[in-house]
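Engineer: Supplied in C-alpha coordinates, the structure appears directly below.
The values are calculated or read from the model by the stated rules, or taken from the named source; none is laboratory data. If you're wondering where the values come from, they're calculated on a predicted model, not measured in any experiment. All Cβ positions, even for glycine, are placed from backbone atoms using ideal geometry, and neighbour counts span all protein chains on display.
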Amino acid sequence: MKKIIDISQPLDHRTVVWPGDTPFSYDLTWTTQDSGSVNVGQIQMSTHTGTHIDAPFHFNDEGQRVIQLDLDVYVGDALVIHLPKTNSIGPKELDGIDLQGITRLLIRTDAWTDRRVFPSEIPFLEPQLAGYLADRGIRLVGVDLPSVDPLDSKELSAHHQLSAYGIAILEGIVLEHVQPGAYELIALPLALAEADGSPVRAVLRTIRDEKGG
(Lines give C-alpha, C1' and ligand atoms only; values in the text may rest on other atoms or scores of the structure.)
Protein backbone atom coordinates (compact mmCIF):
# COMPACT_ATOMS: atom_id res chain seq x y z
CA MET A 1 0.00 0.00 0.00
CA LYS A 2 1.25 3.49 -0.83
CA LYS A 3 2.06 5.63 2.19
CA ILE A 4 0.64 9.10 2.87
CA ILE A 5 3.13 11.57 4.36
CA ASP A 6 1.68 14.71 5.89
CA ILE A 7 3.84 17.77 5.08
CA SER A 8 1.46 20.34 6.60
CA GLN A 9 1.92 22.49 9.67
CA PRO A 10 -0.67 21.84 12.40
CA LEU A 11 -2.86 24.89 13.01
CA ASP A 12 -3.41 25.93 16.62
CA HIS A 13 -2.93 28.93 18.89
CA ARG A 14 0.84 28.39 18.80
CA THR A 15 1.11 28.54 15.01
CA VAL A 16 3.48 31.34 14.11
CA VAL A 17 2.38 33.89 11.52
CA TRP A 18 4.08 36.69 9.64
CA PRO A 19 4.80 39.47 12.18
CA GLY A 20 1.72 41.67 12.38
CA ASP A 21 -0.55 39.25 10.51
CA THR A 22 -3.74 37.74 11.94
CA PRO A 23 -2.99 35.08 14.57
CA PHE A 24 -4.74 31.74 14.28
CA SER A 25 -7.62 31.06 16.65
CA TYR A 26 -10.28 28.39 16.99
CA ASP A 27 -13.23 28.80 19.32
CA LEU A 28 -16.47 26.94 19.89
CA THR A 29 -19.51 29.05 19.09
CA TRP A 30 -21.90 26.21 19.93
CA THR A 31 -21.29 23.37 22.35
CA THR A 32 -23.26 20.19 22.83
CA GLN A 33 -24.27 21.52 26.24
CA ASP A 34 -25.61 24.76 24.77
CA SER A 35 -27.09 23.39 21.54
CA GLY A 36 -28.21 20.03 22.85
CA SER A 37 -26.64 18.19 19.90
CA VAL A 38 -23.41 19.51 18.35
CA ASN A 39 -20.13 21.31 18.79
CA VAL A 40 -19.58 24.00 16.11
CA GLY A 41 -16.42 26.02 15.92
CA GLN A 42 -15.17 29.10 14.14
CA ILE A 43 -11.65 29.90 12.99
CA GLN A 44 -9.88 33.18 12.41
CA MET A 45 -6.67 33.16 10.41
CA SER A 46 -4.67 34.77 7.64
CA THR A 47 -4.85 33.23 4.18
CA HIS A 48 -1.08 32.71 4.55
CA THR A 49 -1.15 30.76 7.79
CA GLY A 50 1.00 27.65 8.07
CA THR A 51 1.29 25.58 4.91
CA HIS A 52 -0.28 27.61 2.12
CA ILE A 53 -0.27 28.60 -1.52
CA ASP A 54 0.12 32.10 -2.90
CA ALA A 55 -2.18 33.30 -5.65
CA PRO A 56 -0.75 36.00 -7.95
CA PHE A 57 -3.22 38.51 -6.49
CA HIS A 58 -1.15 38.32 -3.30
CA PHE A 59 1.54 40.49 -4.92
CA ASN A 60 -0.17 41.78 -8.08
CA ASP A 61 -3.47 43.65 -8.03
CA GLU A 62 -4.24 42.29 -11.51
CA GLY A 63 -3.23 38.72 -10.66
CA GLN A 64 -5.41 35.64 -10.42
CA ARG A 65 -7.40 34.95 -7.27
CA VAL A 66 -7.37 31.51 -5.67
CA ILE A 67 -10.57 30.35 -7.34
CA GLN A 68 -9.03 31.03 -10.77
CA LEU A 69 -5.96 28.83 -10.27
CA ASP A 70 -5.41 25.63 -12.24
CA LEU A 71 -5.95 22.82 -9.73
CA ASP A 72 -3.98 20.35 -11.85
CA VAL A 73 -0.80 22.11 -10.75
CA TYR A 74 -1.37 21.17 -7.12
CA VAL A 75 -1.81 17.43 -7.68
CA GLY A 76 0.69 15.10 -9.33
CA ASP A 77 4.23 13.82 -9.46
CA ALA A 78 6.78 15.82 -7.48
CA LEU A 79 10.48 15.69 -6.68
CA VAL A 80 11.81 16.47 -3.20
CA ILE A 81 15.40 17.72 -3.11
CA HIS A 82 17.59 18.55 -0.11
CA LEU A 83 19.61 21.79 -0.15
CA PRO A 84 20.87 22.42 3.39
CA LYS A 85 23.25 25.16 4.53
CA THR A 86 22.72 27.58 1.70
CA ASN A 87 22.03 31.32 1.87
CA SER A 88 20.09 31.45 -1.39
CA ILE A 89 18.89 29.06 -4.06
CA GLY A 90 19.61 29.68 -7.71
CA PRO A 91 20.56 27.69 -10.80
CA LYS A 92 24.02 26.98 -9.33
CA GLU A 93 22.53 25.18 -6.33
CA LEU A 94 20.47 22.95 -8.63
CA ASP A 95 23.39 22.10 -10.88
CA GLY A 96 23.67 18.33 -11.20
CA ILE A 97 20.07 17.65 -10.17
CA ASP A 98 18.14 15.88 -12.92
CA LEU A 99 14.89 17.78 -13.42
CA GLN A 100 13.91 16.06 -16.65
CA GLY A 101 10.21 15.23 -16.58
CA ILE A 102 9.69 17.01 -13.24
CA THR A 103 6.64 19.27 -12.93
CA ARG A 104 6.60 20.02 -9.20
CA LEU A 105 9.78 20.72 -7.24
CA LEU A 106 9.81 20.72 -3.42
CA ILE A 107 12.93 22.12 -1.77
CA ARG A 108 13.93 20.95 1.70
CA THR A 109 16.37 23.39 3.32
CA ASP A 110 15.99 22.51 7.03
CA ALA A 111 16.58 26.21 7.70
CA TRP A 112 13.39 26.85 9.70
CA THR A 113 14.28 24.76 12.71
CA ASP A 114 11.60 25.94 15.15
CA ARG A 115 8.21 26.65 13.57
CA ARG A 116 6.93 28.15 16.81
CA VAL A 117 9.29 31.10 16.16
CA PHE A 118 9.23 33.24 13.02
CA PRO A 119 12.72 33.08 11.47
CA SER A 120 14.96 36.14 11.27
CA GLU A 121 16.35 35.14 7.86
CA ILE A 122 15.88 32.36 5.32
CA PRO A 123 17.56 30.98 2.19
CA PHE A 124 15.52 32.74 -0.50
CA LEU A 125 15.00 31.85 -4.13
CA GLU A 126 17.06 33.93 -6.52
CA PRO A 127 14.80 35.59 -9.14
CA GLN A 128 16.73 34.04 -12.05
CA LEU A 129 15.77 30.60 -10.79
CA ALA A 130 12.26 31.09 -12.21
CA GLY A 131 13.41 31.02 -15.83
CA TYR A 132 15.73 28.10 -15.12
CA LEU A 133 12.85 26.07 -13.68
CA ALA A 134 10.42 27.06 -16.42
CA ASP A 135 12.88 25.96 -19.10
CA ARG A 136 12.82 22.51 -17.49
CA GLY A 137 9.04 22.27 -17.30
CA ILE A 138 8.55 23.07 -13.61
CA ARG A 139 5.04 24.38 -12.86
CA LEU A 140 5.15 24.48 -9.05
CA VAL A 141 7.88 25.13 -6.52
CA GLY A 142 7.46 24.47 -2.81
CA VAL A 143 9.69 25.49 0.10
CA ASP A 144 9.88 24.60 3.79
CA LEU A 145 10.00 28.32 4.55
CA PRO A 146 7.48 31.13 5.10
CA SER A 147 8.42 32.82 1.81
CA VAL A 148 10.35 32.35 -1.43
CA ASP A 149 11.76 35.88 -1.05
CA PRO A 150 13.97 37.48 1.60
CA LEU A 151 11.84 38.26 4.64
CA ASP A 152 12.53 42.01 4.40
CA SER A 153 11.88 42.24 0.66
CA LYS A 154 9.32 44.73 -0.63
CA GLU A 155 10.03 44.00 -4.29
CA LEU A 156 9.22 40.27 -3.95
CA SER A 157 11.29 39.56 -7.05
CA ALA A 158 11.06 35.77 -6.76
CA HIS A 159 7.27 35.89 -6.38
CA HIS A 160 6.93 38.10 -9.45
CA GLN A 161 9.36 36.10 -11.58
CA LEU A 162 7.82 32.75 -10.69
CA SER A 163 4.39 34.10 -11.54
CA ALA A 164 5.63 35.58 -14.81
CA TYR A 165 6.81 32.12 -15.84
CA GLY A 166 3.57 30.47 -14.72
CA ILE A 167 5.09 28.69 -11.72
CA ALA A 168 2.83 28.20 -8.68
CA ILE A 169 4.13 28.90 -5.17
CA LEU A 170 3.71 26.59 -2.17
CA GLU A 171 5.17 27.82 1.13
CA GLY A 172 5.53 26.53 4.67
CA ILE A 173 5.69 22.81 3.88
CA VAL A 174 7.26 20.47 6.45
CA LEU A 175 9.94 18.24 4.94
CA GLU A 176 12.48 17.35 7.62
CA HIS A 177 10.97 13.85 7.89
CA VAL A 178 10.89 13.36 4.10
CA GLN A 179 13.72 11.73 2.18
CA PRO A 180 14.68 13.23 -1.19
CA GLY A 181 13.08 11.48 -4.12
CA ALA A 182 9.94 11.10 -6.19
CA TYR A 183 6.45 11.36 -4.71
CA GLU A 184 2.92 12.37 -5.61
CA LEU A 185 1.93 15.77 -4.21
CA ILE A 186 -1.59 16.70 -3.19
CA ALA A 187 -1.90 20.30 -1.95
CA LEU A 188 -5.27 21.68 -3.02
CA PRO A 189 -6.30 25.20 -2.01
CA LEU A 190 -9.75 25.99 -0.70
CA ALA A 191 -12.28 27.35 -3.21
CA LEU A 192 -11.91 30.92 -1.97
CA ALA A 193 -13.43 33.15 -4.62
CA GLU A 194 -11.70 36.44 -3.77
CA ALA A 195 -8.62 35.32 -1.87
CA ASP A 196 -4.94 36.09 -2.37
CA GLY A 197 -3.84 32.77 -0.88
CA SER A 198 -5.12 29.68 0.86
CA PRO A 199 -4.04 27.26 3.57
CA VAL A 200 -3.68 23.71 2.24
CA ARG A 201 -3.48 20.22 3.72
CA ALA A 202 -0.38 19.20 1.80
CA VAL A 203 0.52 15.53 1.64
CA LEU A 204 2.94 13.36 -0.29
CA ARG A 205 2.04 9.88 -1.45
CA THR A 206 4.84 7.42 -2.04
CA ILE A 207 5.20 6.18 -5.59
CA ARG A 208 5.84 2.58 -4.53
CA ASP A 209 4.13 0.61 -1.79
CA GLU A 210 5.83 -0.45 1.42
CA LYS A 211 6.93 -3.74 -0.14
CA GLY A 212 8.53 -1.98 -3.10
CA GLY A 213 5.78 -2.90 -5.56
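Engineer: With the requirement that a residue be over 14 Å from LEU79 (Cα atoms), among the hydrophobic types (A, V, I, L, M, F, W, C) and touching a strand residue (DSSP E or B) at 6+ places or on another chain (Cβ under 9 Å), what does the range 123-145 give you?
Structural biologist: PHE124, LEU125, LEU129, ALA130, LEU145
Engineer: Name the single residue, out of those in the range 70-97 being assigned to a helix (DSSP H, G or I) and not hydrophobic (A, V, I, L, M, F, W, C), that is nearest to HIS160 (Cα to Cα).
Structural biologist: Taking the range 70-97 and keeping what is assigned to a helix (DSSP H, G or I), we get 71-74, 91-94.
Restricting the remaining residues to those that are not hydrophobic (A, V, I, L, M, F, W, C) gives 72, 74, 91-93.
Working: ASP72: 21, TYR74: 19, PRO91: 17, LYS92: 20, GLU93: 20 Å.
If we take residues in the range 70-97 being assigned to a helix (DSSP H, G or I) and not hydrophobic (A, V, I, L, M, F, W, C), then PRO91 is nearest to HIS160 (Cα to Cα).
Engineer: Looking at GLY90, is it out of contact with any Leu (no Cβ under 8 Å at 6 or more places or on another chain) and in contact (Cβ under 8 Å) with a residue 12 or more places away in the chain?
Structural biologist: Working: out of contact with any Leu (no Cβ under 8 Å at 6 or more places or on another chain): no; in contact (Cβ under 8 Å) with a residue 12 or more places away in the chain: yes.
In short, no.
Engineer: Inspect the range 72-83 for any residue being of a type in the set (Phe, Trp, Tyr), closer than 30 Å to SER25 by Cβ and touching a Leu at 6+ places or on another chain (Cβ under 9 Å) and give the result as yes or no.
Structural biologist: Of all residues in the range 72-83, those of a type in the set (Phe, Trp, Tyr) come to 74.
From the residues that got through so far, the ones that are closer than 30 Å to SER25 by Cβ too are 74.
In the following step, the residues that additionally are touching a Leu at 6+ places or on another chain (Cβ under 9 Å) were identified as 74.
Yes, the range 72-83 has at least one match.
Engineer: Let me ask another. Check the range 178-197 and report whether any residue there is within 17 Å of TRP112 (Cβ to Cβ), touching a helix residue (DSSP H, G or I) at 6+ places or on another chain (Cβ under 9 Å) and in contact (Cβ under 8 Å) with a residue 12 or more places away in the chain. It would help to see each step written out before you state the result.
Structural biologist: Our first condition is that a residue be within 17 Å of TRP112 (Cβ to Cβ); within the range 178-197, this holds for 178.
Still in the running and touching a helix residue (DSSP H, G or I) at 6+ places or on another chain (Cβ under 9 Å): none.
Taking every residue of the range 178-197 in turn, none turns out to be within 17 Å of TRP112 (Cβ to Cβ), touching a helix residue (DSSP H, G or I) at 6+ places or on another chain (Cβ under 9 Å) and in contact (Cβ under 8 Å) with a residue 12 or more places away in the chain.
Engineer: Out of curiosity, is ILE67 part of a helix (DSSP H, G or I) and either closer than 30 Å to ARG14 by Cβ or modelled with pLDDT of 95 or more (or both)? Even if it seems obvious, please write down each step before you answer.
Structural biologist: Values: part of a helix (DSSP H, G or I): yes; either closer than 30 Å to ARG14 by Cβ or modelled with pLDDT of 95 or more (or both): yes.
Spelling it out, ILE67 is indeed part of a helix (DSSP H, G or I) and either closer than 30 Å to ARG14 by Cβ or modelled with pLDDT of 95 or more (or both).
Engineer: Could I ask something else about it? For the range 154-213, how many residues are among the β-branched types (Val, Ile, Thr) and surrounded by fewer than 21 Cβ atoms within 10 Å (Cβ to Cβ)?
Structural biologist: 6
Engineer: Same structure again: Go through GLY36, GLY50, GLY90 for me and flag whichever is of a type in the set (Gly, Ala, Ser) and buried (at least 18 other Cβ atoms within 10 Å of the Cβ).
Structural biologist: On the way: GLY36 fails: buried (at least 18 other Cβ atoms within 10 Å of the Cβ); GLY90 fails: buried (at least 18 other Cβ atoms within 10 Å of the Cβ).
Checking each option against the conditions leaves just GLY50.
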